[in-house]
Number of protein chains: 2
Amino acid sequence: MKNYSTSLDNVFHALADPTRRAVIAKLGRGSASIKELAEPFGLGLPTFLKHIKVLESSGLIASEKVGRVRTCKLKRGNLSTAQKWFDEQRKAWESRYKNLDNLLTTLKGEEDES
Amino acid sequence: MKNYSTSLDNVFHALADPTRRAVIAKLGRGSASIKELAEPFGLGLPTFLKHIKVLESSGLIASEKVGRVRTCKLKRGNLSTAQKWFDEQRKAWESRYKNLDNLLTTLKGEEDES
């Protein structure tokens, strides 16, 4: 449970930045080299590599160096963990609203009977 | 678009902490006073109020003071915005995998014909 929570901390922290979200979105369409990923942002390479490091330590992406080219790919597992957290919240609200609905129906029934 | 991005930054930053996620989960089951929310965490009130402030400025919760009691409630809009971001990523992967599937089917067809 602690690992799950730490993993969510890291994933949400990684996603709290537009550059990192754009990298995730791009990798969702296929693996890419650091150079290809960095191009649209006009950031210095050291700054961009810091973003890549945050994404790697959150477990959202992995990278591999072949020759002189480092290629990044998406690791969907941790992104799914975060998505599941949202699904759990949604389920909780839905069941709450269902309970409220049931209560209103019961109250309405009692009102009609009186 | 900029507002959407800033709002996602704030929401993901707010969710990158276990105490704040627990507050969101609790408010999903109904509104609650600051006192009720703070109880399970054993944090000092000033520290807990900092978490509440982060949640409020991210637009995930709202609070209202009536008499001496401040009550918090969930604002589902911004949480849905973040959830939509995940849905968009999932759609992108799915369409990518569908394209790969189509490609494999085409290649297989060509192989069978040759």
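The values are calculated or read from the model by the stated rules, or taken from the named source; none is laboratory data. None of the values given here were measured: they were computed from a predicted structure. A quick note on method: Cβ atoms are made from the backbone with ideal geometry, for glycine too, and the neighbour counts reach across all protein chains shown. What goes into the accessible areas is simple: the full protein's heavy atoms, side chains included, and nothing from ligands, DNA or RNA. Shrake-Rupley method; radii C 1.70, N 1.55, O 1.52, S 1.80 Å.
Kindly indicate whether residue A:35 is surrounded by 17 or more Cβ atoms within 10 Å (Cβ to Cβ), closer than 27 Å to residue B:99 by Cβ and not aliphatic (A, V, I, L, M). In short, no. Among the residues of the range B:1-30, those identified as of a type in the set (S, T, N, Q) and open to solvent by less than 70 Å² (accessible area, probe 1.4 Å) are B:5, B:6, B:7, B:10, B:19. Do we find a residue being more than 14 Å from chain A (Cβ to nearest Cβ), charged (D, E, K, R) and in contact with a strand residue (DSSP E or B) (Cβ under 9 Å, 6 or more places away or on another chain) anywhere in the range B:37-51? The answer is no, given that none of the residues of the range B:37-51 is more than 14 Å from chain A (Cβ to nearest Cβ), charged (D, E, K, R) and in contact with a strand residue (DSSP E or B) (Cβ under 9 Å, 6 or more places away or on another chain). Here is the figure for the range A:42-68: residues that are in a helix (DSSP H, G or I), farther than 22 Å from residue B:15 by Cβ and open to solvent by 10 Å² or more (accessible area, probe 1.4 Å) total 4.
Please enumerate the residues belonging to the range B:69-89 that are open to solvent by less than 60 Å² (accessible area, probe 1.4 Å) and either part of a helix (DSSP H, G or I) or among the polar types (S, T, N, Q) (or both). Show your work before the answer.
The initial filter retains those residues of the range B:69-89 that are open to solvent by less than 60 Å² (accessible area, probe 1.4 Å), namely B:71-72, B:74, B:77-83, B:85-87, B:89.
Within the range B:69-89, B:71, B:77, B:78, B:79, B:80, B:81, B:82, B:83, B:85, B:86, B:87, B:89 meet the criteria.
Of all the numbered requirements in (1) open to solvent by 40 Å² or more (accessible area, probe 1.4 Å); (2) part of a helix (DSSP H, G or I); (3) out of contact with any strand residue (DSSP E or B) (no Cβ under 8 Å at 6 or more places or on another chain); (4) within 14 Å of chain B (Cβ to nearest Cβ), residue A:92 misses one, and that requirement is (1). For the range A:1-34, a residue qualifies if it is in contact with a strand residue (DSSP E or B) (Cβ under 8 Å, 6 or more places away or on another chain) and within 18 Å of residue B:92 (Cβ to Cβ), and the qualifying residues are A:23, A:24, A:26, A:27, A:28, A:31, A:32. Among the residues of the range A:5-36, the one identified as in contact with a Ser or Thr (Cβ under 9 Å, 6 or more places away or on another chain), part of a helix (DSSP H, G or I), under 19 Å from residue A:77 (Cα atoms) and more than 10 Å from every other protein chain (Cβ to nearest Cβ) is A:7. Here residue B:102 fulfils each of the conditions (1) out of contact with any strand residue (DSSP E or B) (no Cβ under 7 Å at 6 or more places or on another chain); (2) within 11 Å of another protein chain (Cβ to nearest Cβ) apart from (2).
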